[in-house]
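As structure tokens, the structure follows; a few thoughts come after it.
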Amino acid sequence: MEPLAELPSTRPAATATQPPLPPSPSNGDFEIAIFCALTLELIAAKAALDHCWDSNPDSDLQDDTLNAHYVGRAPADINSYTTGRIGRHNVVLVAMPHYGKISATAVATNCKHSFPKVKLALVVGICGGVPTTSNAGRPIALGDVVLSNGVIQYDLGRQYEGTFKRNTDLNLPPASDEVKSLLANLQSDIPGLESKVSKSLRFVERKLGSSATYPGVENDYLYDPSYPHKHHHLSSCPTGVCASAPASSCDDAAKATCQSLKCDKQHLLPRTRSSPHACVHMGVYASGDTVVKSSQYRDKLASESEGIIAFEMEAPGIWARFGGNCLVVKSVCDYADSHKNKLWQGYSAATAAACTRSLVLGLPVTMMKTLPEIPVLNKDVVVRHDLLGKLEELLPHDDGRKGNGGGFDLANQELPLNFLWLRKTQLALSYAHRRISSTYHHCPVFWVNADTDVTFTQDYKTIASYLDVSPALEDKDLLEAVRMALEKESRWLLVLDNVDDLRLFGINPEDGSAIGRTEGDGGLQANEEQAVNLRDFVPRRHSGTVLWTTRDGYIEGSLVNVGQAIRVPSMSLKEASQLFGIVRGRPVAEDETHDAQAVFLELDHLPLAITQAAAYIRRTSTTLSQYLVRIGEQQRRLAVLAKAQPNQYRPHVKTSILATWQVSIERMRQESEAAYRILHVLPFVDNQNIPREILVIAAGFGRRFKTVKWNGDYGRWQTYFHDHDEAEEEDVEEAIMRLRDFSFIGPAHGNTEDSTSQAYEMHKLVQDAARWNLSQKPQDQGLAHFSRAAILAMAYLFPLSEEGQQKTWGACERYLTHALRASEWSEMAGENVDAATLLLERLSCYLGHRSRWREREPVDKTRRTLLENAFGKEDLRSISSIFSLSVTLDGLGRSDECIQMEEHALGVLRRKLGNHSRDTINASSSYAISLRKMGRFSEAEDILTKTLRDSQQALGEADENTTAAMVRLAGVYKDLGRYWEAEKLEEKVFKLRRDALGENHPRTLESMHNLAATYLYLGRFEDAKKLFDRVWKFRCQEWGEHHPLTVLSLSGLARVYCELGHKEKAAELEKKVLTLQMEILGEYHPNTLIAMGNLAGTYSSMGLYEKAESFEQRVLLLRQRLLGEEHPDAIRAMVNLGVTLHRLGKHEEAEKFRRQAFLSSTHVLGESHSDTLFCEASLAATLTKLGRHEEARELFEEALERQRETLGEKHPDTLYSLYWLAHTRYSLGNLDAAVDLMDECAQGRRSALSHGHPETKDSETWLGTWMEEKAEQGGVGESAGAGAGQCMPGPAQSTDDDCSTIETARKPRPHLGFQTTIKTVFRSRRKRVGNGE
């Protein structure tokens, strides 16, 4: 390219009233170009100039001769230019020969060649507006100015058959950071900008005269989009086009005014102006080569692309050539509809020119003197306008004299979850770059790395060269000279970055004392003789602004005043998503939203962590879901987070997320060993709501614990601790404060300083960083050492839970999540399993007492693995863990797994200890219980019979293990329907315990309770009532009504009242039981659900079936949610709901639930299990009600055959099937078979229950009725009438009515027998209380 042809300046001489102008500029001195497509736009733009370089400033502005020969142009450049000055800026006005983006592209290309230094292109003029509300919430009116924050080419897209697919994206290069920063500054003070526009408009109007007159709000017409601009009378249209269709108009109408066409003003929409002056809006321009004159097309385009508020035709051509350094400044002259006219064009062109003048006046002038470089602003950072606004409020650009030396730090004092130091430098950089480009004032910025005294001195040397400080000065003299030179400057910003070691500035965070430093090689060295600190070299006069960035919150109140701190919080979800998308190179897709949110949560919304995660994902082509899996696995998490990622802005540095903390961690160790210990114990507990007690113990770790060891005499781990020797309270408090100063910890959410029990929180990433730090150290100082410290601390704090005693449960719950997290590190114990096993045992004990089996399972599995690895699979401690796990699996309904483990454990005990060992006897009983749960009653009976015999022989009949075996055997008798045998055995247990322990001993009361439950089975309701009442009153008196065993007795009493016919009394007691259980155990505890089921049963017996159904639905829902859909308890809940639906007459729904229960029970328990057979019979009963008698008969007969084989002829379930099969036969018309079956049922119930039992009487009643019916039909044979003489008259109701009472023939077996618990290594399984299941 040939050099530009420069011509001599024609600058006029200065006059006495006119200040002298700077020398005439050359083409390289122009940094701003203003592009105008229309002559009236260019005339208005010229009126905004303070001085016109190429002509007499007083020349007629209407002269559109553009004086192209006054400036040099590049070869082949045919553009016409006008050069001038606005304020301190040289600007070039560029005229376009035609409107449209093709003309604009050619003009912009030539302009770049002739004026190569142009940095900002302004497209100025008039536009069409969308009569909507802008994003600022104000209506857009004629004469308002629209500033572009994006441009869409609405005519760019694909033409398909019959349709045009428009590209709705912002399909031009994004605005440059400079333009974005300019728009952000303008948007932060729109009222201020509008005030300046009004002032500039008066300046322009003085030059333009009447052509810029405001037309008045009364001429701001906006017609309804459905009302066209056309000849509204058929005779007035010369061509007839206007009459051809509602939306058609002729060419003459398009050129005519609304007044000449007599457009009806009744179709005007009401307009309100938010200001009497021109308002400024920011939004998206729609640009194309077509003039939009259709309100419906306008609204269609605006609705398809969010943010469109104006239409124009030139911006894309100029925008593309200047690479985003472009801004559209146009004023609304019409509403882009068919009613547009030229009335507002002159005024709108003037307001656009006035706004342009105000913008240019506020732009910074390029400095002649080179400033010291400051770090590059990371373009991958998300501008956090709220924080910048807060910072600029405290340190405004136009006032550097605020506060104590203008100094404000970015320390985080209040909210530890917000790690300011991960992005505090970027925030300071954003602020610094804004100060460099300050709108009204030149402000040099000096950046000092205050990490060490060496870097501080080096950066001061750089500042010295700018301030003309003698280069011969060194060390203290240099620092002092720079300070004094800065204090003489009028405006400046000094950023002291990374002020993390306060000792460099004379502050000892431990006690607040001063620290002296002296000059030395390469920096300032510690020395007590000559006190020197870097604070002495920070400017003190109020001539500038000092901005500190630090990790240490102790700076507030020591180096800067209290209150002069800005907290930097974690990013919002929106900010985190935006940052992630920028760094990864593409935004978060809709189907990635869930995973992205989870990743951000794992990274605590910290900017540096998100940046490095995005970089890792981009470089490794990993998906968000894969990354989430990797950081979710503890071992891989550290490997991923510790991986260093390159930084394009600091290419010589590669840092990982975790390495960022290492400097602060080591500094913490130098200052406070107690703080260092706390910092490295907390990563092994949960990061939320950490009780202060954990911090206290962690601070004193190393001198608190004696030992933890196995006590074989008691079959458990015993703890031996020193007396509570806490670290000095003052030292602990100081350690906690230092951790908070560095934002390592902070108060838990909702926790205040005056809370009765203080708690803290720690970032997950801080935990990761501390663990990673430990992983780099030797074993005795690393992960194994501090994980054991956490385990010991939790074993010390976590209380021993006693069965039935909830007084410790509050403390257990307070420490539970932390104890569970600590226990996850048990594998680090190696052979030192003592503390880990103790903690796991206590956790298992508490979770078992709360029936929280799912949480307990991993605890018991970890404990078993730990002990087997340390001592072998046949050690007694390992065997103990097997039975503990077995109890848990039983609670989860997985009794089949229990049997396999217990068989192995029992074999080991028999081989090592013999059959007569207490442990073997207890283990045998536990194994029998598992068999019983699987429905293998005969096997369970054989084992318990042998176990009882061995226990009587080895331990004596009165021994607790012997009586416990009797209780368990009695339970099997009940399962087999042998209630008389169960009664005898339980009466024997009661007498033995009463004689050995006393009548009011807890075990004796337990036996009394079990016996009452058996009386309830046998129909001896008065006897059961006496026993239940006695036990309940004593327990109430001794233990209180809130004790779980007291509530259990009250539940039994309620069932007796129900059987005695006192339904209301029973319901009252059941409601009380449910209330107490919810208070004591919570809604989700199994005992609470049993109480809920019992109340439902009582309501059902009262005929309140709807109430019963709602409770049964709730029980089923909770059991399925807590235990799983195929857990035996969930299956039983399904059966119970089916009973209620059956009674409500909802037989189809009842069938659905009963069939599902039958299928699930078959799958889980097997086809011969008693529960499965009952489910089958229950389903058959429903089919009978549905009239499907043949199907019912087949199911009844199949169930009855298996029940006779597995349960026996007189088991209640067998008799239940007999009862219903009799009814089915009767319904099928087979009266003889019905009589035979009911006779067998009645005889069985007399034998198994009693003659007076309600179920026996019910069977006899039906038998008598059918016998009479049979006699009426032709007589009764001798065999059929056996025992018939004792039959009662038949019921008056029909079979359908009586079916609801028949349903009670087989109630779910009550679990009122509270089984004995032996508090030794082999803890027996406790039955659920209540009688719902």
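Readers should treat all values here as calculations from the given coordinates under stated rules, not as data from a laboratory. Here the structure is a predicted model, which means the values were calculated and not measured. When we count neighbours, we look across all protein chains shown, and the Cβ atoms used for this are built from the backbone with ideal geometry, even at glycine.
Once a ≥ b ≥ c are taken as the square roots of the eigenvalues of the Cα gyration tensor of region 552-596, is the result rounded (a/c under 1.5), prolate (a/b larger than b/c) or oblate (a/b not larger than b/c)? Verdict is prolate for region 552-596.
Taking the charge dipole of region 180-243 about its Cα centre, with +1 at Lys and Arg Cβ atoms and -1 at Asp and Glu Cβ atoms, the residue from Phe203, His229, Pro191 reaching farthest to the positive side is Phe203. Estimated at 0.36 nm per residue, the fully extended path between Gln952 and Glu999 surpasses their Cα-Cα distance by 14.7 nm. Comparing Gly1138, Ala1242, Leu1263 along the charge dipole axis of region 1112-1267, the residue lying farthest to the positive side is Gly1138, per the Cβ-charge model.
Placing a pseudo-label 7 Å from each Cα along the Cα-to-Cβ vector at Thr132 and Ser236 gives an inter-label distance of 3.2 nm. Computed from phi, the 3J(HN,Hα) profile of region 997-1005 under the Karplus parametrisation 6.51, -1.76, 1.60 (θ = phi - 60°) reads 10, x, 5, 9, 5, x, 5, 5, 4 Hz, with x in place of Gly and Pro. Highest mean packing first, where packing is the average number of other Cβ atoms within 10 Å per residue, the peptides 684-695, 475-486 line up as 684-695, 475-486. In this label model, Thr109 and Lys984 are separated by 11.3 nm, measuring between points 7 Å along each Cα→Cβ vector.
Potential lengthening of the chain between Lys574 and Glu1197 amounts to 217.7 nm, from the contour at 0.36 nm per residue minus the alpha-carbon distance. Could you tell me which of rounded, prolate or oblate describes region 1010-1083, using a ≥ b ≥ c as the square roots of the eigenvalues of the alpha-carbon gyration tensor, with rounded for a/c under 1.5 and, failing that, prolate when a/b is larger than b/c and oblate otherwise? Oblate, because a/c is 1.5 or more while a/b does not exceed b/c. Fully extending the segment from Thr817 to His904, taken as 0.36 nm per residue of separation minus the present Cα-Cα distance, adds 28.0 nm. Between amide H atoms placed 1.01 Å from N, distances below 5 Å from Gln153 occur with Asn171, Ser287, all of them 5 or more places distant or on a separate chain.
Across the cross-link table entries Lys988/Lys1071; Lys101/Lys165; Lys861/Lys991; Lys991/Lys1033; Lys807/Lys933; Lys974/Lys1257, which are compared at the Cα atoms, the separations over 28 Å belong to Lys988/Lys1071; Lys861/Lys991; Lys807/Lys933.
What whole-number distance in Å separates the alpha-carbon centres of region 1105-1154 and region 1185-1219? For region 1105-1154 versus region 1185-1219, the Cα centre distance is 21 Å. Overall, region 1116-1249 carries a charge dipole of about 600 debye about its Cα centre when +1 sits on the Cβ of Lys and Arg and -1 on the Cβ of Asp and Glu, all other atoms neutral.
Hey, with R₀ at 60 Å, roughly what FRET efficiency would Trp1039 and Thr452 work out to, going by the Cβ-Cβ distance, to 0.05?
Efficiency computed from Cβ-Cβ geometry: 0.35.
Using R0 = 25 Å, the C-beta based FRET efficiency linking Lys991 and Ser938 works out to 0.35. Between Tyr160 and His277, the FRET efficiency estimated from the beta carbon spacing at R0 = 56 angstrom works out to 0.75. Once both labels are positioned 7 Å from their Cα atoms along Cα-to-Cβ, the gap between Glu673 and Tyr1084 label points is 4.4 nm.
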